[in-house]
Amino acid sequence: MDDILLLMLCFRLNHAPLFERYLMFKVLRYAAPGKASIVPSICPRAAGKTSIAQTLVSSVSAGTEMGFYRGTAPQLNSKTDGNTLFEDAPNALTYPMQSDDQGVWWMGYSAVGQITEVAPDETQLKIGDKVWCQSGHKSFMASDNFLKLPDDVDMQNATFLALLNITFNGMLDAKVKLLDEVVIIGMGTLGQMLLQMCKLSGARVTVVDYLESRLALAKQFGADVCFNPSKQGDLGKYVQDQTKGSGADVVFEVSGNINALSQAMRCVGIDGTVTVLSFYQQGADTLMLGQEFHHKRIRLRCSQINHIDPALSRMYDHDRRLEQSVKLLKQLDLKPLISHRVAFDDLPDALAMIDENPSACQSVVVMY
């Protein structure tokens, strides 16, 4: 039944309990690309193994999530057969869409809440527990896979858990070693987290970005060199000079700009690996594969969160990786990564702000 019709029916029938429950549950809705609003919906109930939590905070993904907000996400017009083979599929996903629709994972996917209803078959959680979930922007979450958070974890910091899981996986893929020469291209939130992890690992880190504000933040986090190509020239030549011609041991590309991938290959040493955490939504017409890529025998490694390096699978599984990421919540300096805090009702305006001026935002946290 249409949401508005149901709301009117509850009101006309004077069904106060259902009316009150309906009004207290809010979700994010995209009527069309760039058209976001907060609307009421039906609050879920605990059942089976599915418990309910009231959302306290969530984070906005400046990559995948904004692709769906803008209408540019490739998933809108493609599909996979389940074996990671993609093919064109016009209108595979269509608008309108909202954050409590079945199967929707792209309208926010890192939220922290407090358990309000415990599932009949749940044995580990109790009412009042603080939990994290890969859940969209909505005032209540229903899940059979809540992660209980330690009591001393900051709730706003915990919204970074999804991104920490991504960057920790990147560290496993890149195999950063003590005293390695590391280059990180792109100092958004992922880049800043990688920087702090690399410094914990004892590496020497050169960070690269065109925004002085992001380079200043990286300096605060211990970057050894901050490089702005618009002011300092040829990044590849600089890295080769600083390493006496050997090149960087590890290069991360996290800018999301396909042009940066060619620069990453100019920085890495012979037989080196460029580890990519970016999700490139457009084509790669300018990717240079006939020069450094060929002559250096470079490996391009995509560090995708759904998989773990098979060589490490005896030591790491998805649960252990997430456990390690929870520990990092208390070891990394995450608060400076939050550039904006917005109320849930103001999220549509915040999405428009990110869309229009992404360079002005680091990480946006939504308060409920």
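The values are calculated or read from the model by the stated rules, or taken from the named source; none is laboratory data. These numbers were taken from a predicted model, which means no experiment stands behind them. All Cβ positions, even for glycine, are placed from backbone atoms using ideal geometry, and neighbour counts span all protein chains on display.
At-a-glance table
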| item | result |
| --- | --- |
| Residue within the stretch 61-81 that is outside the structural domain of residue 255 (by TED's automatic domain parsing), in contact with a strand residue (DSSP E or B) (Cβ under 8 Å, 6 or more places away or on another chain) and farther than 21 Å from residue 278 by Cα present | yes |
| Any chance residue 347 is over 19 Å from residue 166 (Cβ atoms) and part of a helix (DSSP H, G or I) | yes |
| Residue count for the stretch 187-231, restricted to those that are touching a Phe, Trp or Tyr at 6+ places or on another chain (Cβ under 9 Å) and in contact (Cβ under 8 Å) with a residue 60 or more places away in the chain | 8 |
| Yes/no for residue 191 being out of contact with any Asp or Glu (no Cβ under 7 Å at 6 or more places or on another chain), under 18 Å from residue 274 (Cα atoms) and not β-branched (Val, Ile, Thr) | yes |
| Every residue from the stretch 139-195 that is under 19 Å from residue 263 (Cα atoms), under 12 Å from the mean Cα position of the chain (by Cα) and assigned to a loop (DSSP other than H, G, I, E, B) | 188 |
| Residue identified as at pLDDT 90 or above, surrounded by fewer than 13 Cβ atoms within 10 Å (Cβ to Cβ), in contact with a helix residue (DSSP H, G or I) (Cβ under 8 Å, 6 or more places away or on another chain) and assigned by TED's automatic domain parsing to the domain that holds residue 356 among 90, 120, 96, 40 | 90 |
| Subset tally (residues that are of a type outside the set (Ser, Thr, Tyr), surrounded by 13 or more Cβ atoms within 10 Å (Cβ to Cβ) and part of a loop (DSSP other than H, G, I, E, B)) for the stretch 268-316 | 13 |
| Verdict on residue 69 being modelled with pLDDT of 95 or more, part of a loop (DSSP other than H, G, I, E, B) and within 29 Å of residue 256 (Cα to Cα) | no |
| Residue in the stretch 233-247 that is part of a helix (DSSP H, G or I) and of a type in the set (Val, Ile, Thr) present | yes |
| Residue that is farthest from the chain's Cα centre (by Cα) [pool: residues in the stretch 317-339 that are surrounded by fewer than 16 Cβ atoms within 10 Å (Cβ to Cβ) and not in a helix (DSSP H, G or I)] | 317 |
